[in-house]
Amino acid sequence: MQSLRVALGERSYAIHIGSGLMGHAALYAPHLAASAAIVTDEIVGPLYLEKVRRALSPLRATEIIVAAGEESKSWQTLNEVFDRLLAARHGRDTLLVALGGGVVGDLAGFAAAVYQRGIPFIQVPTTLLAQVDSSVGGKTAINHPRGKNMVGAFHQPRAVIADMAALDTLPERELRAGLAEVIKHGLALDGVFTSWLEANMEKLVSRDHAALAYAVQRSCELKAAIVAADERESGERALLNFGHTFGHAIEAAAGYGAWLHGEAVAAGMVMAAELSRTANGLPQADVERVRALVRRAGLPVKGPAVEPQRLIELMATDKKAAQGSVRFVLLKSIGKAVLPTSADAAQVRQAIVAAAQ
């Protein structure tokens with residue numbers, strides 16, 4: 001087991017990475033309260049719920065199973081979680097455990113942030129995307145028809161337990177979607193890691209355990225350092241949004257759930273690379289490196305068949321927009337992203353069109 005630390009003063013917490021960890025009672029013990037509630041989905045629950053329930057024993061634990069998929073990040077599902085917590089008379093001394101992928105983590109984390117003005121929670125991510133990205137950093141949210149993650153809160157977990165064994169049961173499409181966030185960390189923050197990904201992509205796609213473990217560890221190291229420096233995204237944490245302004249628009253345009261988040265981010269990174277070329281001077285050779293790495297991960301390099309203007313309209317409501325202007329995280333070079341900058345509509349349209357060619 002490898003353990004990293006997200007340094008946030010009194011809100012600091014550990015990220016535990018290893019195989020077979022979710023059933024280890026000792027990892028939960030320091031955070032137990034009077035009772036517990038486990039939020040999971042209908043796919044993950046049958047696989048791992050019993051392991052986590054035993055790890056929390058003899059604590060009283062309520063099991064809350066939601067529908068799988070992006071559609072569950074809604075007011076309706078959030079209210080269902082609240083209904084179950086209230087019916088079981090859970091108070092502020094309840095530990096909430098988010099067992100699942102990014103959807104469950106975001107939903108349960110937001111529930112923990114606002115239930116009775118905030119209760120503690122632990123992230124137990126079971127997808128690659130959640131292990132390398134969404135479980136770390138305290139961003140919690142549900143979606144709104146006008147935009148992804150539009151209603152949420154910053155609420156840091158007490159711990160993250162990333163069980164690598166869960167990746168053995170992960171569908172191939174979900175694994176590849178998680179690789180998009182791994183690639184993002186390299187492209188935005190670490191050129192050496194990007195080169196490692198280029199040399200090891202086939203191992204990652206084939207689920208080589210050692211390669212996946214390193215990819216998770218390095219991604220968490222990079223994200224933990226950024227979160228520790230800028231918890232609430234007032235500055236450099238925005239670098240982690242490389243590809244996401246385009247990606248969120250793709251998800252909204254296609255209909256939430258039609259494209260996995262990682263798939264949308266993958267196509268969004270190619271669009272962002274094209275925009276980096278025209279608006280930030282990124283060499284064409286680096287644009288091709290981005291495109292090639294995304295393609296080798298088995299991810300889409302083109303967005304859905306949507307008019308560029310529709311994506312531009314959707315990006316106007318992005319959370320990263322400021323003073324009426326859409327802001328983009330662009331690359332200066334591979335491994336070096338720059339903080340959000342504005343680009344004119346013609347450049348954005350050109351980037352969308354170029355990515356589709």
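Please treat every number below as a calculation from the coordinates, not as lab data. Computed from a predicted structure; not experimentally measured. Cβ atoms come from the backbone with ideal geometry, glycine included; neighbour counts cover every protein chain shown.
Could you tell me the convex hull volume per residue, in Å³, taken over the Cα atoms of region 1-92?
Expressed per residue, the convex hull around the Cα atoms of region 1-92 is 136 Å³.
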query = What are the residues whose amide H is under 5 Å from the amide H of Gly100, where those residues sit 5 or more places off or on another chain and H is modelled from the backbone?
reply = Val124, Thr126
key: Nearest-20 debye value, the chain charge dipole, Cβ charges on Lys, Arg, Asp, Glu   = 440
Descending semi-axes in Å of region 104-202, equivalent ellipsoid built from Cα gyration tensor = 27, 15, 13
task = Treating the angle as unsigned and between 0 and 90°, give the value, to the nearest 10°, between the Cα long axis of helix 284-296 and the longest Cα principal axis of the chain.
result = 40
query = Arg295 versus Met1, label points 7 Å from Cα toward the beta carbon: distance in nm?
reply = 4.3
note = For region 10-96, the dipole about the Cα centre with charges only on Cβ (Lys and Arg +1, Asp and Glu -1), to the nearest 20 debye, works out at 380
query = Just in region 180-215: which GluC sites (Glu not before Pro) are loop by DSSP and have at most 13 other Cβ atoms within 10 Å?
reply = none
message = Please report the antiparallel percentage of the DSSP beta bridges confined to the chain, to the nearest 5.
response = 40
request  = Please give, to one decimal in nm, the separation of the simple spin-label points placed at Ala67 and Glu50, each 7 Å out from Cα toward the Cβ.
outcome  = 2.7
query = Taking Lys73 as the anchor, which aspartates and glutamates have their alpha carbon closer than 15 Å to its alpha carbon, excluding any fewer than eight residues away along the same chain?
reply = Asp41, Glu42, Asp106, Glu251
task = Using only Cα atoms, tell me the angle between helix 75-87 and the longest principal axis of the chain; keep it within 0 to 90° and round to the nearest 10.
result = 10
request  = May I ask you to evaluate 6.51 cos²θ - 1.76 cosθ + 1.60, the Karplus curve with θ = phi - 60°, for each residue of region 329-346 and list the ³J(HN,Hα) values in order in whole Hz, giving x for glycine and proline?
outcome  = 8, 10, 9, 8, 7, 5, x, 9, 8, 10, 4, x, 10, 8, 9, 6, 4, 5
query = What number comes out for the charge environment of Gly69, summing +1 per Lys or Arg and -1 per Asp or Glu over other residues with Cβ under 11 Å away?
reply = -3
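Considering all alpha-carbon pairs of region 1-157, what whole percent are spaced by more than 28 angstrom?
Beyond 28 Å sits 11 percent of the P(r) for region 1-157.
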query = When only DSSP loop residues count, what GluC sites (Glu not before Pro) in region 24-70 have their Cβ near at most 13 other Cβ atoms within 10 Å?
reply = Glu42
inquiry  = Which of Asp93, Asp286, Asp318 ends up with the largest GNM mean-square fluctuation for the chain, with Cα atoms connected below 10 Å?
reply    = Asp93
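Rank these for me by crowding, Thr245, Thr77, going from fewest to most other beta carbons within 10 Å.
Fewest-to-most ranking of Thr245, Thr77: Thr77, Thr245.
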request  = In whole angstrom, note down how far apart the Cα centers of region 266-304 and region 160-213 are.
outcome  = 18
message = Can you compute log10 of I(q)/I(0) for region 172-355 with the Debye formula, treating each Cα as one identical point scatterer, at q = 0.10 Å⁻¹?
response = -0.35
note = Most exposed to least, judged by fewest other Cβ atoms within 10 Å, Arg5, Arg237, Arg60 sort to Arg5, Arg60, Arg237
key: Ellipticity estimate at 222 nm from DSSP helix runs (n ≥ 4, -39,500 (n - 2.57)) divided over the chain, nearest 500   = -14000 deg cm²/dmol
ask   = Net charge near Leu49, counting Lys/Arg +1 and Asp/Glu -1 over other residues with Cβ under 11 Å of its Cβ?
value = -1
note = Proxy exposure order for Thr169, Thr94, Thr317 (fewest C-beta within 10 Å first) is Thr169, Thr317, Thr94
task = Have a look at the DSSP beta bridges in region 2-169 and tell me what percent are antiparallel, nearest 5.
result = 30
ask   = In sequence order, what are the phi-derived ³J(HN,Hα) couplings for region 46-52 according to the Karplus relation 6.51 cos²θ - 1.76 cosθ + 1.60 with θ = phi - 60°, rounded to whole Hz, with x for glycine and proline?
value = x, 7, 10, 4, 5, 4, 5
key: Unit Cα scatterers, Debye sum, the chain: log10 I(q)/I(0) for q = 0.08, 0.09, 0.13 Å⁻¹   = -0.36, -0.45, -0.96
